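Q: Right, I'll just put the structure down here and ask away after.
Since every read-out is calculated from the coordinates, none of them should be taken as a lab result. Model, not experiment: these values are computed from the prediction. Don't worry about glycine lacking a Cβ; one is built from the backbone with ideal geometry, like all the others, and counts go over all protein chains shown.
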Amino acid sequence: MAEHNDLGKLGEELAADFLKKEGYEILERNWFFQKAEVDIIAKKNDILAVVEVKTRTNLDYGDPHNFVNAKKIKLLVKAVDEYVISKNLDFTVRFDIISVTNKATDCEILHLKDAFYYF
């Protein structure tokens, strides 16, 4: 596996652990629908959190969460619509980004709730 794939998987593990510690139940990891992959689908109370995880080793090119573009958002929305319908769920859906900066000496996790809205 390429080094950037390993880094991405590590970021997703750290993000899932973070969410669990914050009281979320992880329902899905790496859930696919057509061309979309949803990194994490988690539940807390009556909220279904759809989480895109972005991981970097440094901030030389900007904050990781700034790399979620309009195309990715469109794919996530379409996938989650299918997920909610197929599972017959009745939750408020919220789109989050977890930004993981995995530096040599420490790891920083930033959880952006309601990172974007869909219409």
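Q: Can you tally the net charge around His111? Count Lys and Arg as +1, Asp and Glu as -1, for every other residue whose Cβ sits under 10 Å from the Cβ of His111.
A: Values: positive: Lys113; negative: Glu22, Asp96.
Every neighbour counted, the sum reads -1.
Q: Full extension from Lys9 to Lys78: what is 0.36 nm times the residue separation minus their Cα-Cα distance, to one decimal in nm? Walk me through the numbers on the way to the answer.
A: Working: separation 69, 0.36 × 69 = 24.84 nm, distance 2.31 nm.
The Lys9-Lys78 span can extend by a further 22.5 nm.
Q: Also: Full-extension gain between Lys20 and Thr92, please, as 0.36 nm times their residue separation minus the C-alpha to C-alpha distance.
A: Values: separation 72, 0.36 × 72 = 25.92 nm, distance 1.90 nm.
Extending this stretch completely gives an extra 24.0 nm.
Q: Taking amide H positions as placed in the peptide plane 1.01 Å from N, state which residues far from Ile47 in sequence (5 or more) or on other chains have amide H under 5 Å from it.
A: Here nothing satisfies the definition.
Q: Still on this structure: Tell me which of Tyr24, Asn69, Ala42 sits at the most positive position along the dipole axis of segment 3-112, charges placed on C-beta atoms (Lys, Arg +1; Asp, Glu -1).
A: In segment 3-112, that residue is Asn69.
Q: Cut-off is 10 Å between beta-carbons; in what order do Val93, Val53 appear when sorted fewest neighbours first? Don't skip to the end; give the middle numbers.
A: Values: Val93 16, Val53 26.
By the 10 Å Cβ count, ascending: Val93, Val53.
Q: Could you name the lysines whose alpha carbon sits less than 24 Å from that of Lys20, not counting residues in the same chain fewer than 8 places away?
A: Excluding near neighbours in sequence, the set is Lys9, Lys43, Lys44, Lys54, Lys87, Lys103, Lys113.
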